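In what follows, a structure is listed as structure tokens, so that the remarks can point back to it.
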Amino acid sequence: MNTAEHPAASAQTAQTPAPPDRLEPMVRIRGVHKRFDKVEVLRGVDLDVQPNTTTCLLGPSGSGKTTLLRCINHLERVDAGQIFVDGHQVGYTARGGKLHEQSDKEIAAARRRTGMVFQQFNLFPHRTALENVMEGPVRVLRQDKHEARTRATQLLEQVGLGERMHHYPTNLSGGQQQRVGIARALAMDPKVLLFDEPTSALDPELVGEVLDVIRCLDGRTMIIVTHEIGFARECADTIVFMDGGSVLEQGSPQDVLNNPKSPRTENFLRRVL
Amino acid sequence: MTILAQTPAVEEPLPVARKAHPGRWLAAVVLALAVALLARSLVTNPNMQWGVVAHYTFNSIILQGLLVTIELSVICQAFAMIIGVLVAALVQSANPILRGISAVYVWFFRATPLLVQLIFWYNLALLFPHLSLGIPFTGMSESWPMNALISGYTAAVLGLSLNDGAYMAEIVRGGLLAVPPGQVEAAQSIGMRRLKILTRVTLPQAVKTMIPPTGNQFINLVKSTSLVSVIGGGELLTNAQNIYSQNFKVIPLLMVAAIWYLVLMAILSTAQYYLERWVAKDQPAAHRPSLRTRLATMIRQKERA
Ligand SMILES: Nc1ncnc2c1ncn2[C@@H]1O[C@H](COP(=O)(O)OP(=O)(O)OP(=O)(O)O)[C@@H](O)[C@H]1O
Ligand SMILES: [Mg+2]
């Protein structure tokens, strides 16, 4: 078996520590504004996400966490500001002092650099678990079908679903569906993985199995919106606290969770802990 | 001890008595009588001339008409589905001009009676005596007389396809709307582009909701082919009319046509049932019962009601 293709192997190489100050951030967000009708949901968000780190996005309901995450792969248009993933601007090209939306083709190419795991899983119901994972590599990356199948099988085994590859989503539990969702995102070999509350649609007893899978991805660049403070404390390299459409504070879990600087962060933590 | 022994260890659960439905039985008897009387008057009516019906059922001209009916239906439905998908895709387009064109198309062809459209296409030569195709400003062009191009058959194909296409566009649009928006987002998130999302994600899922109305539409189309008889399309009804205009056996030949339409419909309904079952293959087994269990459930539900 080709070790270079093995997901665990690539995760290990990604873990090799590098001095963080010399690295170009994997995701760079600058002054992003976004409004829905009259409501300003993002009010100038600035954020850097370093390569091979896990960033957990916390904040009260309605603070704009989902919206920010969706802007990173251009599922949502922004009104101002720029987002770069791996050095490439997402969704827009700056020309003549203005941002011009990219073509369908360029946007699709930008989206391939990010993988997204949805709160509601959003698996393709008319395809089996294996077909869900193979869809991107075969149809978008035009990989050879046999190679894609081997790789998809490995990924499904990695998330503990080797036995259920040929099941349709309706025949899988929520936790299993979400693990297929993670495998589907991984299959595209994205630079960044985005998770929007990956466990909040799950029955409590299924949360653990999904968090375990995400834990095993340590070493990749991940941005995780979550309400699981315990998980964030344990796994995050950086915790970002959002409120009212902007980043209020960020830092290591110890700093943000134990000694919050802002009273609003403190308030939020007191309510959820 | 003795007392305990006398009590039966497991009590027989009391069975539920079957509910009596006297009203239902009465209705059934009255209906059966009515049907029997009607059937008798039809069967024994000498004007029905069942012998003539039997004689013409497998008549070669009738069978040829039947073949044309099937052929017209299949060809026009195929065209209509292609038109439907294209127009429904245009409706979703970001370009307001394309959206406008598709809206006008659907409006126009649903608003005017099919019969009017068929007669119009048949008489196209009155409007454009010649069809010319050419490359502008080059002087290269070719011209054909319209009357040679538009036979009853081509007029039928044009009219039925364009009319049915407008309805199919609405069916496809409805089917696409029923696909949850999360599906499109999931497809976008793995880098799919618009056309691929349509062909790989939304359309395959829309098919499930599209089958029942499409089945309806196809059944309508098969019957609508009979309208083609006014422009001599050579289908089942035209051929039946041709025969009875010579031998004046009007009722028996209409019966022959009706019998064949009934047979076609029975085949189509069965085919639709199996098609629906097949596309439900991603559902748990309980959601795709066999024909027998489905009938049994239907009867039980009726009893409960
Ligand atoms: N498509 C939309 N149209 C209009 N308003 C929207 C839309 N999506 C989000 N909003 C509004 O934007 C605000 C931020 O929403 P967002 O989903 O980003 O919050 P969130 O931090 O993810 O909250 P939660 O923790 O509840 O998921 C909310 O007030 C929401 O009502
Ligand atoms: Mg949210």
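Here, each number is a calculation from the coordinates, and none is a lab measurement. These figures come from a predicted structure and were not determined experimentally. Because the Cβ atoms are built from the backbone with ideal geometry, glycine has one as well, and the counts that use them run over all protein chains shown.
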Requested in this report: Could you give log10 I(q)/I(0) at q = 0.10 Å⁻¹ for chain B, computed by the Debye formula over C-alpha point scatterers of equal weight, without solvent?
Outcome: -0.84
Report summary line: Projecting the Cα atoms of A:Leu193, B:His55, B:Ala17 onto the charge dipole of the protein assembly as shown, where Lys and Arg contribute +1 and Asp and Glu -1 at Cβ, the residue farthest towards the positive end is B:His55
Query raised in the report: So which of A:Lys38/A:Lys105; B:Lys223/B:Lys249; A:Lys98/A:Lys191; A:Lys38/A:Lys261; A:Lys65/A:Lys105 end up more than 24 Å apart by C-alpha?
Result: A:Lys38/A:Lys105; A:Lys98/A:Lys191; A:Lys38/A:Lys261; A:Lys65/A:Lys105
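Could you work out the relative contact order of chain A? I mean the mean sequence separation of Cα pairs under 8 Å and 6+ apart, divided by the number of residues, in percent.
For chain A, the relative contact order is 25 percent.
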Query - Neighbourhood charge, 14 Å Cβ-Cβ cut-off, centred on B:Ala178 and excluding it, Lys, Arg +1 and Asp, Glu -1 - result: +1
Query raised in the report: List the aspartates and glutamates whose alpha-carbon lies under 20 Å from that of A:Lys34, not counting same-chain residues fewer than 8 positions away?
Result: A:Asp46, A:Asp48, A:Glu76, A:Asp79, A:Glu101, A:Asp196, A:Asp243, A:Glu249, B:Glu185
Query raised in the report: For A:Asn267 and A:His88 in one chain, what is 0.36 nm times their gap in residues minus the Cα-Cα distance, to one decimal in nm?
Result: 60.7 nm
Query raised in the report: What residue among B:Pro15, B:Pro145, B:Pro46 has the largest mean-square fluctuation in a Gaussian network model of chain B, using Cα springs under 10 Å?
Result: B:Pro15
Requested in this report: With label points built 7 Å along Cα→Cβ from the Cα atoms of B:Leu67 and B:Leu98, find their separation and express it in nm.
Outcome: 4.2
Query raised in the report: What longest range of chain B stays clear of loop-exposed trypsin sites (Lys or Arg not before Pro) (DSSP non-H/G/I/E/B, at most 14 other C-beta within 10 angstrom)?
Result: B:20-305
Requested in this report: Give the residue from B:Gly233, B:Val222, B:Gln283 lying farthest towards the positive end of the charge dipole for chain B; charges sit on Cβ (+1 for Lys and Arg, -1 for Asp and Glu) and the dipole is referred to the Cα centre.
Outcome: B:Gln283
Requested in this report: With a/c under 1.5 counting as rounded, go ahead and sort the protein assembly as shown into rounded, prolate or oblate using the C-alpha gyration tensor (a ≥ b ≥ c being the square roots of the eigenvalues; past the cut-off, prolate if a/b is larger than b/c, else oblate).
Outcome: oblate
Report summary line: Dividing the helical contributions, -39500 (n - 2.57) per DSSP H run of n ≥ 4, by the residues of chain B yields a 222 nm value, nearest 500 deg cm²/dmol, of -23000 deg cm²/dmol
**Report entry** Given charges at beta-carbon only (K, R positive; D, E negative), |dipole| of chain B in Debye
**Finding:** 740
Requested in this report: Quote the Stokes-Einstein diffusion coefficient, in whole µm² s⁻¹, for chain A, based on the Kirkwood radius over alpha carbon pairs, a temperature of 25 °C and a viscosity of 0.890 mPa s.
Outcome: 127
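If you take each beta carbon of peptide A:100-107 and count the beta carbons of other chains within 10 angstrom, what is the mean?
Details: counts 0, 0, 0, 1, 4, 2, 0, 3.
Across A:100-107, the average partner-chain Cβ count within 10 Å equals 1.
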**Report entry** Of the trypsin sites (Lys or Arg not before Pro) in the stretch A:93-160, those whose Cβ has at most 14 other Cβ within 10 Å and which sit in DSSP loop
**Finding:** A:Arg142
Report task. Please report, in debye to the nearest 20, how large the charge dipole of the stretch A:123-244 is about its Cα centre when each Lys and Arg carries +1 at its beta carbon and each Asp and Glu carries -1 there. Result -> 600
Query raised in the report: With each label point set 7 Å from Cα along the Cα-Cβ vector, what nm distance links A:Glu234 and A:Ala201?
Result: 2.4
Query - Helix A:263-272 axis, angle to chain A major axis (alpha carbon atoms, nearest 10°) - result: 40
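Quick check on the stretch A:125-201: take the gyration tensor over C-alpha atoms, sort the square-rooted eigenvalues as a ≥ b ≥ c, and tell me if it's rounded (a/c under 1.5), prolate or oblate.
Oblate shape, in that a/c is at least 1.5 and b/c is the bigger or equal ratio.
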Requested in this report: Would you calculate the separation in nanometres between label points at B:Arg277 and B:His130, each defined as 7 Å from the Cα along the Cα-to-beta-carbon direction?
Outcome: 5.9
Requested in this report: Please average, across the residues of A:114-127, the number of beta carbons from any other chain that are within 10 Å of each residue's own beta carbon, and give a whole number.
Outcome: 5
Report task. Quote the charge dipole size of chain A about the Cα centre in Debye, to the nearest 20; the model charges only the Cβ of Lys and Arg (+1) and of Asp and Glu (-1). Result -> 760
Query raised in the report: Under 5 Å between amide H atoms, partner at least 5 residues away or on a different chain: which partners does A:Ala80 have, H built in plane at 1.01 Å?
Result: A:His33
Query raised in the report: Non-local amide H neighbours of A:Met116 (under 5 Å, H modeled in plane, Pro and chain starts lacking H): which ones?
Result: A:Leu194
